[in-house]
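Chemist: Quick one: structure below, then a few questions.
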Amino acid sequence: LSAGSGGGNKGENQKSLDQEPLLAARVMIEDGLSLLLDVDDVDRILEEREVDEEDREELTKRRSALLESIASSFHLPSGNSPVLQEKDGDSVFLYLAHLRKGQKLISSFLNLCHEAQSYTNQILWSVFRNMNLLFQDPHRSNSPMAGLSAAVAKSIANLNISDVCMSLTAFLIGDCKSDGLPIKPTAEFDPNLFDCAGQILCALLSRASGLGLGVTPSPSSYNLEAPPSNLVAAWDGAVNAFFALLQQHMNTKLSAYKGAKTDEELERIRREVPVQLIRSMLPHANDQQRQQLREMLVVLK
């Protein structure tokens with residue numbers, strides 16, 4: 001790959017990944033990591049040296065070209081929609097995201113993207129669509145996957161209102177439809193574990209509140225313009241669908257709690273209650289939904 005190559009021919013790269021997936025993925029990752037070092041070099045020059053305006057502009061353009069080249073190697077879906085046009089549109093990205101070095105590449109890439117771009121949005125939406133697949137196993141707090149989820153959560157802070165709404169849409173149309181919430185709340189009680197999906201979902205709800213969305217938006221949004229009515233309606237509809245998933249998760253825990261026969265079972269179930277996610281959800285819940293959550297928490301706590 002080179003900064004001006006656009007990641008090479010997508011069809012050829014896809015073919016090599018299909019034929020020799022592990023080898024092709026390793027080559028793509030090493031190429032991406034090499035380009036990341038080039039981005040670091042540009043940043044170092046801009047930070048440590050005195051450069052005139054013309055040189056600064058050229059370096060900034062080179063930095064953007066390098067990032068776009070890395071993004072193209074992920075073979076992300078094109079356009080600005082969270083809905084996949086091709087069934088296997090996430091396949092290359094997911095293959096990379098299941099390799100430790102691939103996770104490090106993606107997280108490092110996101111951390112170097114200082115503002116939202118169409119390709120950073122597509123990375124976030126790929127993660128939202130495939131949360132159960134990516135985060136089905138518990139991850140340690142110092143693992144590359146924890147680093148990836150932290151980078152995703154950080155990138156969410158750069159989203160605008162429209163992108164926030166589309167991010168929740170990506171989650172709702174993804175594998176949560178069949179597999180439910182991918183959260184691991186027990187990580188809140190173990191400093192060695194990390195609830196990757198929980199952190200990302202909390203970050204999204206927090207960003208939405210900070211932009212003025214929700215029943216009781218964050219005070220930090222009071223000096224912003226009121227969100228457009230169509231986006232408010234879209235968010236409210238998506239949040240209601242998200243609440244249904246959370247309610248389903250909590251009902252499962254309630255049933256297990258009522259059927260528990262030992263103190264150990266009761267304590268285990270209590271640790272599976274997503275307290276942080278519920279707290280993040282409260283500003284977006286209506287009075288009836290809040291009351292339902294409170295009643296569940298009273299029983300489980």
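Chemist: Can you go through GLY174, GLY147 and tell me which one is over 17 Å from LEU36 (Cβ atoms) and over 11 Å from the mean Cα position of the chain (by Cα)?
Modeler: GLY174
Chemist: Across segment 171-193, what is the number of residues that are touching a residue at least 12 places away in the same chain (Cβ under 8 Å) and under 15 Å from SER141 (Cβ atoms)?
Modeler: 9
Chemist: ASP163 is checked against (1) open to solvent by 20 Å² or more (accessible area, probe 1.4 Å); (2) assigned to a helix (DSSP H, G or I); (3) acidic (Asp, Glu) and fails just one. What number does that condition carry?
Modeler: Condition (1) is where ASP163 drops out.
Chemist: In this structure, is SER178 under 28 Å from LEU112 (Cβ atoms) and not hydrophobic (A, V, I, L, M, F, W, C)?
Modeler: Numbers: under 28 Å from LEU112 (Cβ atoms): no; not hydrophobic (A, V, I, L, M, F, W, C): yes.
No.
Chemist: Keeping to segment 216-249, report how many residues are at pLDDT below 95 and of a type in the set (A, V, I, L, M, F, W, C).
Modeler: So the answer is 2.
Chemist: Next question. Would you check if LEU76 is open to solvent by less than 40 Å² (accessible area, probe 1.4 Å), under 21 Å from VAL39 (Cα atoms) and at pLDDT below 95?
Modeler: Details: open to solvent by less than 40 Å² (accessible area, probe 1.4 Å): yes; under 21 Å from VAL39 (Cα atoms): yes; at pLDDT below 95: yes.
So LEU76 passes the test.
Chemist: Is it true that some residue in segment 11-19 is modelled with pLDDT under 90, open to solvent by 40 Å² or more (accessible area, probe 1.4 Å), farther than 20 Å from LEU105 by Cα and not in a helix (DSSP H, G or I)?
Modeler: No, segment 11-19 contains no residue that is modelled with pLDDT under 90, open to solvent by 40 Å² or more (accessible area, probe 1.4 Å), farther than 20 Å from LEU105 by Cα and not in a helix (DSSP H, G or I).
Chemist: Could you please find all residues in segment 184-214 being at pLDDT 95 or above and of a type in the set (Val, Ile, Thr)?
Modeler: ILE200
Chemist: Give me a count of the residues in segment 175-198 that are open to solvent by less than 10 Å² (accessible area, probe 1.4 Å) and in a loop (DSSP other than H, G, I, E, B).
Modeler: Within segment 175-198, residues that are open to solvent by less than 10 Å² (accessible area, probe 1.4 Å) and in a loop (DSSP other than H, G, I, E, B) number 1.
Chemist: In addition: Looking at this structure, is LEU277 aliphatic (A, V, I, L, M) and in contact with a Gly (Cβ under 8 Å, 6 or more places away or on another chain)? Explain how you work it out, then say what you get.
Modeler: Working: aliphatic (A, V, I, L, M): yes; in contact with a Gly (Cβ under 8 Å, 6 or more places away or on another chain): yes.
When the stated conditions are applied, LEU277 passes them.
Chemist: Given the structure, is GLN103 crowded, with 23+ Cβ neighbours inside 10 Å and over 12 Å from the mean Cα position of the chain (by Cα)?
Modeler: Here the answer is yes, as GLN103 does meet what is asked.
Chemist: In addition: Which fully enclosed helices (runs of 4 or more DSSP H) of segment 52-156 have 1 or more residues being closer than 28 Å to PRO185 by Cα, hydrophobic (A, V, I, L, M, F, W, C) and touching a residue at least 60 places away in the same chain (Cβ under 8 Å)?
Modeler: Values: elements: 53-73, 91-97, 100-112, 118-129, 131-135, 144-156.
So the answer is 91-97, 100-112, 118-129, 131-135.
The values are calculated or read from the model by the stated rules, or taken from the named source; none is laboratory data. If you're wondering where the values come from, they're calculated on a predicted model, not measured in any experiment. Methodologically, a virtual Cβ is constructed for each residue, glycine included, from the backbone with ideal geometry; neighbour enumeration extends over all protein chains shown. Remember, those area values only see protein heavy atoms, side chains included, never the ligands or the DNA or RNA. Shrake-Rupley method; radii C 1.70, N 1.55, O 1.52, S 1.80 Å.
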